[in-house]
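The values are calculated or read from the model by the stated rules, or taken from the named source; none is laboratory data. Please read all numbers here as calculations on a predicted model, not as lab measurements. Virtual Cβ from ideal backbone geometry, glycine too; neighbours counted across all protein chains shown. Keep in mind that these areas ignore ligands, DNA and RNA; they rest on the heavy atoms of the full protein, side chains included. Shrake-Rupley method; radii C 1.70, N 1.55, O 1.52, S 1.80 Å.
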Amino acid sequence: YKFEVKDSTAYLIMEYVEGTTLERFLREHDGDLTLDVVAHVFSSIAHALEVAHSHNVLHLDIKPANVLINRQGEVKVTDFGLATLADANGTGRAGGGTIGYMPPEQLDIETGTVDERADIFALACVIYEGLCGSAPFMAATPADSLDRIIGGATYPGELIPHFPPGAEAALMSALSPMPQDRPNSIEAFCDQLLAGLGSVREGRRSLEQMVGELSDDEQELDDIEPSHYEDDAIEVDPALGWAGTRWSHARDYTMRTISALTCGTFSFLLMQTTGVAALPGLVIAAIAIGAA
């Protein structure tokens with residue numbers, strides 16, 4: 001929203017997104033996402049990249065950890081820390097990325113020349129992960145990831161029954177190791193994939209409910225103070241029974257009980273000696289004094 005400088009400190013003022021990351025959301029709902037939900041997530045990320053690319057900005061680090069979902073089911077792309085400006089030809093120099101989501105041209109640290117199709121590849125990896133449960137080219141090293149990319153990903157239709165053929169063709173095209181074989185723009189990729197994937201509107205509704213439930217669960221856990229558990233926990237030594245309790249309030253309640261009985265008994269005897277009331281009245285008065 002804003003950029004400020006105060007004394008020697010420069011800082012950004014950014015939107016606060018109450019919700020979760022796509023990375024955590026996928027972990028919580030592994031294998032539980034409908035095509036509608038994936039369609040909504042894909043459409044939203046694609047739109048964000050479309051806006052960025054229209055301003056010659058290449059993101060170059062699209063991954064689930066850099067996608068936020070708020071409690072209204074809105075999807076937002078964040079962390080432009082590795083982004084670069086494209087030149088007049090639409091290309092730029094990559095300064096890094098995340099293994100498993102980088103295409104071969106971004107993995108090549110010597111040239112590192114990229115364009116919009118690098119973001120298209122990364123977005124395809126994210127959507128594949130949302131559909132199939134794992135990123136297709138995740139590996140420990142860039143070389144291993146490159147080998148997997150060249151070997152090709154498993155077709156979604158082999159993992160998901162009745163997967164739309166048109167959406168599968170669009171996704172596998174975007175995962176191609178050769179940039180020229182991928183869609184040449186985010187808009188083109190979006191048109192091809194969404195044509196057979198699912199309902200964006202229904203996906204938004206479902207996502208809002210799912211993220212809302214996840215956030216509510218987190219809030220309930222945050223609202224619970226650990227000290228309450230410690231105060232109310234009762235631990236008894238079997239050999240000593242309640243005399244050996246380690247309940248934090250036990251001593252307090254024991255002292256109160258002894259005090260009440262002592263005061264009540266003493267008051268009963270004193271009033272009986274002076275004859276101030278009959279027996280029922282003495283008992284009631286002694287109980288009242290002891291309780292007080």
Taking the stretch 77-115 and keeping residues surrounded by 20 or more Cβ atoms within 10 Å (Cβ to Cβ), small (Gly, Ala, Ser) and at negative phi leaves Gly92, Ala94
Selection from the stretch 197-216 of residues at pLDDT below 85, open to solvent by 30 Å² or more (accessible area, probe 1.4 Å) and touching a Gly at 6+ places or on another chain (Cβ under 8 Å) yields none
Considering residues that are open to solvent by 30 Å² or more (accessible area, probe 1.4 Å) and either within 19 Å of the chain's Cα centre (by Cα) or in contact (Cβ under 8 Å) with a residue 60 or more places away in the chain (or both), the number found within the stretch 48-76 is 8
Given the condition out of contact with any Gly (no Cβ under 6 Å at 6 or more places or on another chain), under 14 Å from Leu60 (Cβ atoms) and either modelled with pLDDT under 95 or open to solvent by less than 20 Å² (accessible area, probe 1.4 Å) (or both), answer yes or no: does some residue in the stretch 140-158 qualify? no
Going through the stretch 159-183 in order, the residues found to be touching a Lys or Arg at 6+ places or on another chain (Cβ under 7 Å) and either assigned to a loop (DSSP other than H, G, I, E, B) or surrounded by fewer than 13 Cβ atoms within 10 Å (Cβ to Cβ) (or both) are Ser176, Arg182
Selection from the stretch 116-135 of residues open to solvent by 20 Å² or more (accessible area, probe 1.4 Å), of a type outside the set (A, V, I, L, M) and either touching a Leu at 6+ places or on another chain (Cβ under 9 Å) or touching a residue at least 12 places away in the same chain (Cβ under 8 Å) (or both) yields Glu116, Arg117, Glu129, Cys132, Gly133
